[in-house]
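Every read-out reported here was derived from the displayed coordinates using simple, explicitly stated rules and does not represent laboratory data. As the structure is a prediction and not an experimental result, all values here were calculated from the model. Note that each Cβ is placed from the backbone with ideal geometry, even for glycine, and that neighbours are counted across all protein chains shown.
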Amino acid sequence: MKKIAFFLSILLFMGTQALNAQTKVITGKVTSAEDDMPIPGVSISVQGTTLGTVSDMDGNYSLQVPENAKILVFSFVGMKMEEVAIGNQTSVNVQLQSETIGVGEVIVTAYGTTNREAKTGAVGTVTGAQIAEAPVVSVDKALNGKIAGVSVTSNSGQPGAHSDIRIRGTSSINAGNNPLWVVDGIPVVTGNANDFLNTGNALASLNPNDIESITVLKDAAAASIYGSRAANGVVLITTKSGKDGKTSFTARAKFGTSWLANDNDFGIMSADQLLQYQRDAIVNAGKNPDDPMDSYYRPKELLSRPLTNWMDHMTRYGTIQEYEVNATGSNAKGKYYTSLNYNNTDGVFYGVGLDKITGRLNADYKLTDALESGGRVNLSYLEGMDVPMQSLYYSNPAFAGMTILPWTPAYTDEGKHNWEIAENSNQNPRATAEYDDQWGKNYQLMGNIYLQWKPLKQVTMRTTNAIETIHGEGRRFWSAETRSSGATLQTTMSKYQRLTTSNTIEYKDVLLNDHSVRVLAGQEAMKHTSSYQYVYAPGVSMDIPYVQTGTPGSIEAEQGYGARTLLSFFGMLDYNYSDKYFLQASIRMDGSSLFGSNTQWGTFYSVGASWNIHNEGFMDGLSFVDLLKLRGSYGLSGNNNISAYRAFGVYASSAYNGTTGMRPSRPENPNLSWEKNSSWNLGLDFTLFENLDGNIDVYKRKTTDMLLDKNVPQTTGFSSNFLNIGSLDNRGIELQLDYKILNTRDLVWSVGGNISFNKTKILELGDNEEIAYADDGRLRHIVGKSLFTYRLFDYVGVDPTNGEALWRDDAGNISNDYNKAGYTYDYSPEPKFTGGFNTDLAWKGFSLGAFFEFKGGNHVLLIEKRYLSSDGASMNLNQLREAMNYWKEPGDTGVNPKPVAGNGTNSNSFSSTRFLQKGDYLRVKDVTLSYNLSSKLVEKAKIGGMKFYVSAQNIFTFHDVDWWDPERGTDGIGYGIYPMTKAVTGGIELSF
Amino acid sequence: MKKLLILSFVAATLLFTNCTDFLTEEPVMSQSTELTLASFDGLNNATFGAYSPLVSVNWYGASFVLDAEMRSGNGYRDVNKNSGRYTVPYDLNYTSTATPALWGTAYYTISAVNNVLANLDDKAGKDGVTQEQVNNLKAECMFLRAFAHFDLVRTYGKQYTIDKTALGVPYLFVTDPAGKPERDNVETVYNNIEKDLTDAEKLIAANYTRDGVANSKSVVSKLAIQALLSRVYLYMGEWQKAADYATTVINSGEFSMWTADKYAAAFKEDTREGGEVIFEVYGLKSNEYDGYWDGISYMTDPDGYSDCAASNDLISLYDEGDVRGEMFMNNPDKAPTTYWTTKYAGKDKGNPDVSNTIVLRLSEMYLNRAEAMSRGASIAGTTPMADINTIRENRGATPYDNPSQVDVMFERRLELAWEGHFWYDLARTGGSITRTHFSGSVTNQNVPSDSKYWALPINKREMDVNENLVQNPGYDN
């Protein structure tokens, strides 16, 4: 051992000697050209080598360089890169120019990078810094309102729930509408990956703080290279790589609390309000509320019982806490970024919570001058505690909290939870939250390893191989403590696994000075499998709550398995003449196991061109124009978001008479193919006066070969066949503006915003003029109309003479007979416009930012009001306070119908326009105040930096929807949802 | 250079073959149609699978039987105790968008058996499969095909005895995935039913019943084929043949009349040991097509959805002491004066409970024979009176002395009430309906013998996709 140590030290010594023999030391100072202030942290390197250092707090640096070193490169985020010839100097001082906002910023694109000056496609970006402070569990929530044309809709406010993202509208009815997510070059699994959780969001395994940038590819020129998966746009996520310089550590801690949003004084009735309402309804029905023999016996004595506000009883202040450490650094050969994050959220409803641990290691290492290797590895563990949500179950606290009668006691005389609640089917969600055991866990690995070889300066070959695996498990144990039916157990195990290989070769050169060319060819293959096992065991013992003790013969088990593969070949060409004219073309051939034998391969392509007008000679006189760029593109992409095996004719097992046979389950479909999406885009980018940035895009995209179930004669043995028969189009306009109002040394104030308008129109639905939305027949797809149209009975209002509900029939006549009501097709849940705006003010170490998000032109349907504003139909449920505003005397208009106990008139129909409302809202999504410790203090404390902040989420929302919150999912119907919550968080960030 | 070309060619070929393999992912949780129909075992499974839709709520699992009862006058709707279901048959408010869903379900079973029959012929002699096995499978398929078409034609077409030239339903010997078949006339359909059943009768082994099933009365047997033939001939007015086949079944000795004390319990049996049942549809929650809350039991459960109650017009017909008059119960709390049939009161298999639906039983054979004889057939050693009294004596009812043809038909209504017969018996004999105990819409309270409702409309969705279909008279497309 000693010998080895000795040998090593000799080697080390000799090495140092050798190095000393051929090097010299260069020192210097880096300052800002604007204000001469020193710039710490500038990366200084010797061109063509891996030698480098960073400037210290005073901007000074010292670097040992080889005698023959020629050029030093100075680079710093937000500054223009500077190259300085060394010559004989031993002292090199430089001044760095700040970069005009936006223009030089590197934008990650498919299989490469670009910048604002060079791009031809329509892309939007969000930087990691923009999402770091928001208390979001997953990255999809962070895109809300940030990018024009990207609409994010929450289906649930539950921590960890996933969102629906629509890029430039909705393109499909039966194949999905969510974009492709690509993390560090590899398409990943998205959506809910746990059978027993509303919150098994696969993207939650990404720690938002690990994200360096998000790019959204919107048009064909940007996205078509992803071929059969690109039709709904692509979201590219790049995680952080190691920063240049010595290792720095950052530790973060964040705490917060959340509560149910309610900005319109919305709520349920108190006990005395409800009792008065019910007694009035009983009198209106010609009965006596004080008659104990009557079925509607509602004596005033009810108020002397213990009273409970059940909504308050079901909810609480949620908590948010998050801790993180990360480290980043580099040396001459390698760089790395690593982080560990713990996030714990307890929801506003009892029994809802989420625990998440994520760890990441991103490492890159130069094996030789030409060979580089590295990996991106993300590990995560997610554990969600759940209760039934998203439907009008008795066990859903979001609904039961509003319906259980206030005079129903919350506790028994013994002080236990009362669950014998007749009006709620003997269920008490507060009790089940305590006694039941309902959770899901996801163990997720997402990682890739690459090897990159540059045999020549112009040529890069790269292979990236990735694995993603999500192992999920879940348990639902319904305790016998709160049920007369005994204990029931359900368990699930699921596995998603995806293997991807991506191999590219790139040639990049500048020919004859002005002709820049980049050619890329590539091949990819992907195999995705998913499987699950589910067991249902009623009657399990409370002592051994496992399947073994379930009722024999009643235990049921189920298994599922699916696999799909994708094989691709693709190529790209980028050409640019003298930074004025840009041309980009791409082609991709995808073969997929999902489609029929006749149509397994598809070819997708795009062409795009752009013209940098500001680089033309004739623009020389217009010095205020920093950038003016015209872009155009056309391309074809595909949508393959369908479930596996749809092309096969299959027999399914069919149990009957104690044994199992096989029955025809689907006809063969050898021509099943992708939905195709052809899109045009025309865009203009500009930067004026160095402080006004903007872009405008107009687009049209047409979906053809849309997959629909076509009715076939039932004499064939089937009712329908899944065929490529429909078409629809989306057109829209997007505008994004950013303006730096003030930009001085101490004070920086910027504002920005975006708005986009989209219109969807169905062109063809095969043989049909109208088909029902698969999830809810109240929504229809109708040729010539928007994608979603409500089909609702036309409610006119209240008859001022007698307080009855009035309906308009098909002939336009008004009647009080619900059975005569005609349908109206005038409303849609799709927003006409979406957007957001922000303002950021920074003064010395303080910064104050606010971000607003809005949507409008859509309608939402409040199904729940059938029960909660029922005009006397739901006499054993609590009602909304707004129900008290009802017809009382002739002449009253604009009020609810007169409540009559036992109301059977359908005045409270949930298929009518009565409960349809405008869904417009403006949300103060985020307000954040932060303070960065001044550099003097930081230096004294010998730390790298320190920051405090406090942030408020959804602190106020302007809207007219009679509900906690206006967001009801993309279909506008989402009943029983966990509403959006408000949150306040505070945090501290320390780097050293 | 040449070498390089060859090498690239080889590489390209390899790559292409590998691509094809890589892109082939076949379903494993279900079986491809091709594979299912390739082997005898697969065909055997596919034949058994063809039975499972019989228990669908569209067929014997509920509405084929209950619809017929609700529109025949045997049914009643309690105004307080119902779930809003079954109003269309009760009010006879049929239109092309509100008509029985039997069409799709029955043609589904027909397609399933046609798939088998189209692939069965070359299987004998291979892998140890005998001709007898093939023949038995064929017979099962032909029975199911005839049976499905029979229920279709008597629902959507006029009756053979009323107008056999009227439109029936397409009789499909082959299911064409692109087919848009025309409606055959009633006569053709019955001739094809007769052909399938008589062929099946010849093919099936005398002792054949399918292995491995819970209830051997829910699969095809030679006697089931013969019993169905008896009914089909009765519907065709072929009295002698109807009586002959009934006699064959009665004389087989396989079945025995339920006695009065066994009668109620017989409708709660899960599987059968002796007794009357010749063929029935088996109820169980684990059936693929179990209707659960929409199943026949919950629909006639006084404490369930309860939409299908029995009318006093029916209940008042039973004599004192007739056990069949006690096959009704009320809901003492919620509807003390309304009664529901107990023929589907369940097999004590949970809530909602499940029941078997009897399709063919011995009493029907006596009733078929009695009716056939009263209309001209003759069978040595028996008379209509003897056959009717065989039933009445086993029910605690007073025997008849010289019953008229009306008495025979009356007995048929009493015995087979709530088993889906009465409507069709009225239809084929040109009867009419007068309802006195009635809570529905008065428009169609009474049904004259020339009403359009004796043939129900073809569904609009089917008319829309098959331009070769013609709607029944009196209905809009």
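At-a-glance table
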item	result
Straight-distance crosslink candidates among aspartates and glutamates, where the alpha carbon sits under 14 Å from A:LYS785 and sequence neighbours closer than 8 are dropped	A:ASP729, A:GLU764, A:GLU769, A:GLU770, A:ASP826, A:GLU830
Helix-derived mean residue ellipticity, 222 nm - over chain A, DSSP H n ≥ 4, -39500 (n - 2.57), to 500	-2000 deg cm²/dmol
Separation of the B:THR198 and A:TRP259 label points, Cα + 7 Å toward Cβ, nm	8.6
A:HIS162, A:HIS417 arranged by Cβ crowding within 10 Å, fewest neighbours leading	A:HIS417, A:HIS162
Restricting the range A:369-470 to trypsin sites (Lys or Arg not before Pro) in coil, as DSSP defines it, with at most 16 other Cβ within 10 Å	A:LYS416, A:LYS457
Potential extension, A:THR368-A:MET293 segment - 0.36 nm per residue separation minus Cα distance	17.7 nm
Isotropically averaged projected area of the range B:62-156, using the convex hull of Cα atoms (one quarter of hull area), nm²	8.3
Cα coordinate range in the range B:353-471, projected on the principal axes (Å, largest first)	54, 38, 35
Taking the convex hull of Cα positions in the range A:745-850, its mean projected area over all directions (nm²)	12.8
Under 28 Å between alpha carbons - lysine pairs in the range A:435-561 that sit 8 or more apart or on different chains	5
Separation of the B:THR97 and B:LYS126 label points, Cα + 7 Å toward Cβ, nm	4.9
Alpha-carbon centroids, the range B:411-477 and the range A:621-665: separation in whole Å	46
Sparsely packed trypsin sites (Lys or Arg not before Pro) within the range A:689-791, loop by DSSP, other Cβ within 10 Å at most 13	A:ARG745
Reachable lysines from B:LYS268, criterion Cα separation under 20 angstrom, eight or more residues apart if same chain	B:LYS217, B:LYS285, B:LYS343, B:LYS347, B:LYS349
Interchain or long-range residues, amide H under 5 Å from A:THR239's placed H	A:ASP184, A:GLU212
Rounded to the nearest 20 debye, dipole of the range B:90-243 from Cβ charges on Lys, Arg, Asp, Glu	220
Low-density loop cleavage sites - chymotrypsin sites (Phe, Trp or Tyr not before Pro) in the range A:624-730, where at most 12 other Cβ are within 10 Å (DSSP)	A:PHE624, A:PHE689
Point-to-point label distance, A:PHE689-B:ASP319, nm (Cα→Cβ direction, 7 Å offset)	10.8
Whole-angstrom gap from the range A:356-426 to the range B:233-310, using each part's C-alpha centre	50
Proximal aspartates and glutamates to B:LYS126, defined as alpha-carbon separation beneath 14 angstrom and excluding residues fewer than eight positions away on the same chain	B:ASP41
Tail beyond 14 Å, pair distance distribution of the range A:914-968 (Cα, percent)	66
Chain B - percent relative contact order, Cα under 8 Å, separation 6 or more	21
Helix-only [θ]222 nm of chain B, DSSP H runs n ≥ 4, -39500 (n - 2.57) each, per residue, nearest 500	-13000 deg cm²/dmol
From the C-alpha gyration tensor of the range A:520-621, square roots of 5λ in Å	59, 20, 10
Under 5 Å, built H, 5+ apart or other chain: amide partners of A:LEU672	A:GLY596
Excluding exposed DSSP-loop GluC sites (Glu not before Pro) (at most 16 other C-beta within 10 Å), longest clean stretch of chain B	B:1-181
More than 42 angstrom apart: percent of Cα pairs within chain B	19
Crossing angle, helix A:2-22 versus chain A [Cα axis fit, 0-90 degrees, rounded to tens]	70
Stokes-Einstein D in µm²/s, Kirkwood radius over Cα pairs - the range A:848-987 at 20 °C with 1.002 mPa s viscosity	116
Solution diffusion estimate, µm²/s, Stokes-Einstein, chain A, Kirkwood Rh from C-alpha pairs, 20 °C, viscosity 1.002 mPa s	68
